[in-house]
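Following: one structure in structure tokens, then a few remarks.
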Amino acid sequence: MDNLYIPDLATLEQIQEETPSIRTLTLALDRPRTFNCQPGQFIEFTVFGQGEFPVSVAGVSDAQRGRFQVTIQRAGKVTKEVFQLQPGAKLGVRGPFGNGFPLEKMQGQDVWLISGGVGLAALWYLLAQLQEQRGRWGQLKLLYGARSPQDIIYQDALRALGRDQAGPQVLLTVDSAANGWSGRVGFVSQLLPDSGLDPGKSVAVVCGPGPMMKATTAALRKLGLAEERILLSMERRMQCGMGACGHCMVGSKRVCLDGPVFPLAEISNLLEEKF
Amino acid sequence: MDKVLAKKDFPRFLADLQRDHQVLGPTRRGGGTSTYAKALFAPIRHAEDLEINYQSSMLSPKKLLFPDNQPIYEYEKKGGQVELRPAGEQWDRNVVLLGVHPCDLAAIACLDKLFLEDRFQEPTYQDRRGRLTLVGLTCAESTPHCFCNLMGAGPDAEGGYDLLLTDLGDRYFTRCQGAKGDKLLAADYFQEATGADQQARAQALARLEAGLPEALDIAAVVEHMKDRYSDELWQEFSEVCCACGACNMVCPTCHCFTILDRTNPDRSRGKRVLVWDPCHFERFAQMAGNASVRGEKSARYKHRLYDKLLYDPQRHGRLFCVGCGRCIEFCPAHIDLRAVLRKLEG
Ligand SMILES: Cc1cc2nc3c(=O)[nH]c(=O)nc-3n(C[C@H](O)[C@H](O)[C@H](O)COP(=O)(O)OP(=O)(O)OC[C@H]3O[C@@H](n4cnc5c(N)ncnc54)[C@H](O)[C@@H]3O)c2cc1C
Ligand code: SF4
Ligand code: SF4
Ligand code: FES
């Protein structure tokens, strides 16, 4: 019998230092299996001897071989161990889990990706897919807020996106900056009023820390965007990732199974702290 | 099919069960060093081990089918490699669970929904459930905490058993459901039940029902809960709750868990272990930078009841409180769920 609590082994192939507290890991499953992952799904990641935590799949570089990326921020007990890892390390992977983004609902729409901090990781694979099937969507925009210029992840890729005529427009902001930063200062929600969002034909996809999600949904509502058009990638404490352990519940919804992606309309009445 | 089993033949019945099964049932074991002796479900070797007239147990048979503290797998790091070994403790024999009261039968039906019929199968539960024969027993007496009648889970059991016994003094009325039960009933010591036996059974259950709490409109309670999520009542109900999680631990349908590591000191070897985890604990849903997810104990108290009376029923079509009364009996703050339900009814 397949025991879904037992992870597959994977090898850490590559480490990309994003910021002093965030790294991107490239992992390859030891026993190759098709890594069938939709943008927006997540895995349960095990550092043996330390524990397990949920992390978004930030990219899939080889689905046949089971090679993919995760971007991890140092947050506590287990994530801090990720910063001791060297290439070649053996890790555990369960999943992918969760529903992923409803790409068919975004068809023909302008898509605004709005993220804060490491939340960009959860939208990164989506962005890759949006670009790959560029003809299916209207305008693409990426709005991203980091604490400071040093905390911006995927810096090279963002710069390349900015230069790409066919790519999405990229709007960056930081909460605070020392000299040398010529970009915007302020919260990412403050970029929204002049972003040219047309509430009649746009979908906003939001992922970031709780306060950022709250401010952003408020700003989107103000622009007249309907709650069905606001997609949130939610974060909750998780254990099993499969709908059994009860940790991730928001009202009647299990974030690991019914989510992590929810239209705001589906979840706004269930949140303990209203957005 | 209905039969009767003379009590003098009970040892033969037990011996027959024991031939092909490990038999588990209520025993007095476990109370040895406690002044508070409660029945405990444990292996039955001899008829005398069986505390068949038990009133209730502190822990329900849930702990047998979905054990607390169950190892899942072991890992060992060796020269840059990691070895994994499944460590689930599987039953090596078929098992009969004997003497399960109707509330606990209903609770097993709830766990079946959660662990077998949802979008995910719980491996240990699935394995054990497949090896299980359930011989239920209607209660001889209710406890001061019982309210199975209000939740539609008792005093008679409508299903969820292979055999269901009712004590009629010198004999057990024996009702059967399904193929496993049929096979057991084929033994020669089971006699056809007569009209008088049927009547005696109905009387026994009516007597029991008379001792249970007066009727409550549970559908109205559930309806009212729908628009009382933000009501101050929840503060009032949970005011004295000390968030100890005892109600979670004794509840036969509470099923939340955590998986944690038990490692050796240098963390090179260890196992992942599934432990029951009370949703009443603040850290249960805590997250970085968003401590507000059910940070208030009233939010947690409320969540537990909404899950049992609204969320799980929406998903699985049955109430997930079976009225066993354990959470009332073992709550150190003396919070009485029946009183809460009555307040919500009006
Ligand atoms: C669907 C999903 C996708 C995620 N994607 C990413 C990602 O792409 N990159 C990334 O860096 N992080 C991501 N996270 C968050 C990540 O899971 C947590 O940071 C991690 O679990 C913390 O583990 P820890 O053992 O290091 O922290 P702990 O020592 O357990 O705790 C440190 C702090 O983090 C809190 N915490 C524990 N678990 C979680 C959790 N699940 N979510 C939030 N806070 C938690 C604790 O309450 C505590 O305040 C995601 C979470 C979810 C649910
Ligand atoms: S909530 Fe209380 S009465 Fe209901 S099943 Fe659980 S322990 Fe029994
Ligand atoms: S047993 Fe009583 S005091 Fe303890 S968590 Fe449950 S309701 Fe609160
Ligand atoms: S993480 Fe276990 S139910 Fe969602």
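The values are calculated or read from the model by the stated rules, or taken from the named source; none is laboratory data. These numbers come from a predicted model, not from an experiment. Methodologically, a virtual Cβ is constructed for each residue, glycine included, from the backbone with ideal geometry; neighbour enumeration extends over all protein chains shown. Surface accessibility is based on the protein's heavy atoms, side chains included, excluding ligands, DNA and RNA. Shrake-Rupley method; radii C 1.70, N 1.55, O 1.52, S 1.80 Å.
Run down B:Val322, B:Val340 and say which single residue is within 19 Å of B:Cys256 (Cα to Cα) and β-branched (Val, Ile, Thr). Testing whether each residue is within 19 Å of B:Cys256 (Cα to Cα) and β-branched (Val, Ile, Thr) leaves just B:Val322. Give the number of residues within the stretch A:107-137 that are part of a helix (DSSP H, G or I) and buried (at least 21 other Cβ atoms within 10 Å of the Cβ). The number of residues fulfilling the criteria is 12. Taken over the stretch B:191-200, the criterion of being of a type outside the set (Asp, Glu) and either under 26 Å from B:Cys321 (Cβ atoms) or outside any helix (DSSP H, G or I) (or both) is satisfied by B:Gln191, B:Ala193, B:Thr194. Contact annotation: residue pairs with Cβ atoms under 7 Å, 6 or more positions apart or on different chains, pairing a residue in the stretch B:61-82 that is within 11 Å of another protein chain (Cβ to nearest Cβ) with a partner that is part of a strand (DSSP E or B) and surrounded by fewer than 16 Cβ atoms within 10 Å (Cβ to Cβ), are B:Tyr73/B:Arg85; B:Tyr73/B:Pro86; B:Glu74/B:Arg85; B:Tyr75/B:Glu83; B:Glu76/B:Glu83. Summed over the stretch B:272-309, the residues that are within 9 Å of chain A (Cβ to nearest Cβ) and open to solvent by 20 Å² or more (accessible area, probe 1.4 Å) give a count of 9. One residue stands out in the stretch A:66-83 among those that are outside any loop (DSSP other than H, G, I, E, B) and within 14 Å of chain B (Cβ to nearest Cβ): the one that is nearest to ligand 3 (Cβ to nearest atom), namely A:Thr79. Within the set B:Tyr189, B:Tyr161, B:Tyr172, the sole residue that is within 23 Å of B:Gly317 (Cα to Cα) and touching a residue at least 60 places away in the same chain (Cβ under 8 Å) turns out to be B:Tyr161. For the stretch A:201-213, the set of residues classified as more than 10 Å from every other protein chain (Cβ to nearest Cβ) and surrounded by fewer than 21 Cβ atoms within 10 Å (Cβ to Cβ) consists of A:Lys201 only.
Filtering the stretch B:220-271 to residues that are within 26 Å of B:Leu319 (Cα to Cα), open to solvent by 30 Å² or more (accessible area, probe 1.4 Å), away from ligand 2 (no atom under 16 Å from the Cβ) and not charged (D, E, K, R) leaves B:His224, B:Tyr229, B:Ser230, B:Gln235, B:Val240, B:Cys242. Looking only at the stretch B:27-85, residues that are open to solvent by 20 Å² or more (accessible area, probe 1.4 Å), touching an Asp or Glu at 6+ places or on another chain (Cβ under 6 Å) and modelled with pLDDT of 90 or more come to 3 in all. The residues listed here are A:Ala244, A:Ala218; of these, the one that is hydrophobic (A, V, I, L, M, F, W, C), closer than 17 Å to B:Cys256 by Cα and more than 16 Å from ligand 2 (Cβ to nearest atom) is A:Ala244. The number of residues in the stretch B:317-346 being closer than 17 Å to B:Leu233 by Cβ and of a type in the set (Asp, Glu) comes to 2.
Looking across the stretch B:310-343, the residues that are away from ligand 3 (no atom under 14 Å from the Cβ) and either surrounded by fewer than 21 Cβ atoms within 10 Å (Cβ to Cβ) or over 27 Å from A:Arg254 (Cα atoms) (or both) come down to B:Leu310, B:Tyr311, B:Pro313, B:Gln314, B:Arg315, B:His316, B:Gly317, B:Arg318, B:Arg342, B:Lys343. The set of residues in the stretch A:131-189 being among the β-branched types (Val, Ile, Thr) and touching a residue at least 40 places away in the same chain (Cβ under 8 Å) consists of A:Ile152, A:Ile153, A:Val188. Within the stretch A:1-15, take every residue that is open to solvent by 70 Å² or more (accessible area, probe 1.4 Å) and among the charged types (D, E, K, R) and give me the one that is farthest from the other protein chains (Cβ to nearest Cβ). Looking at residues that are open to solvent by 70 Å² or more (accessible area, probe 1.4 Å) and among the charged types (D, E, K, R), I get A:Glu13.
Each row is one residue, and each column tells you yes or no for (1) open to solvent by 10 Å² or more (accessible area, probe 1.4 Å); (2) away from ligand 1 (no atom under 11 Å from the Cβ).
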{"position": "A:Glu228", "(1), (2)": "yes, yes"}
{"position": "A:Arg236", "(1), (2)": "yes, no"}
{"position": "A:Met242", "(1), (2)": "yes, yes"}
{"position": "A:Gly251", "(1), (2)": "no, yes"}
{"position": "A:Cys256", "(1), (2)": "no, no"}
{"position": "A:Phe262", "(1), (2)": "no, yes"}
{"position": "A:Glu266", "(1), (2)": "yes, yes"}
{"position": "A:Leu271", "(1), (2)": "no, yes"}
{"position": "A:Lys274", "(1), (2)": "yes, yes"}
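Exactly one residue out of B:Thr263, B:Thr253 is at pLDDT 85 or above and within 9 Å of chain A (Cβ to nearest Cβ): that is B:Thr263.
Out of B:Gln177, B:Gln126, I need the residue that is within 14 Å of chain A (Cβ to nearest Cβ), open to solvent by 60 Å² or more (accessible area, probe 1.4 Å), of a type outside the set (Val, Ile, Thr) and in contact with a Leu (Cβ under 8 Å, 6 or more places away or on another chain). Which one? Of B:Gln177, B:Gln126, the one residue that is within 14 Å of chain A (Cβ to nearest Cβ), open to solvent by 60 Å² or more (accessible area, probe 1.4 Å), of a type outside the set (Val, Ile, Thr) and in contact with a Leu (Cβ under 8 Å, 6 or more places away or on another chain) is B:Gln126. The combined condition, being acidic (Asp, Glu) and either within 14 Å of another protein chain (Cβ to nearest Cβ) or within 16 Å of ligand 4 (Cβ to nearest atom) (or both), is not fulfilled by A:Glu228. When A:Glu44, A:Glu18 are screened for being in contact with a strand residue (DSSP E or B) (Cβ under 8 Å, 6 or more places away or on another chain), open to solvent by less than 40 Å² (accessible area, probe 1.4 Å) and more than 10 Å from every other protein chain (Cβ to nearest Cβ), only A:Glu18 passes.
Residues in the stretch A:47-77 that are at pLDDT below 95 and buried (at least 21 other Cβ atoms within 10 Å of the Cβ): 1 in all. If you go through the stretch A:24-39 and pick out every residue that is open to solvent by less than 10 Å² (accessible area, probe 1.4 Å) and within 12 Å of ligand 1 (Cβ to nearest atom), you end up with 1.
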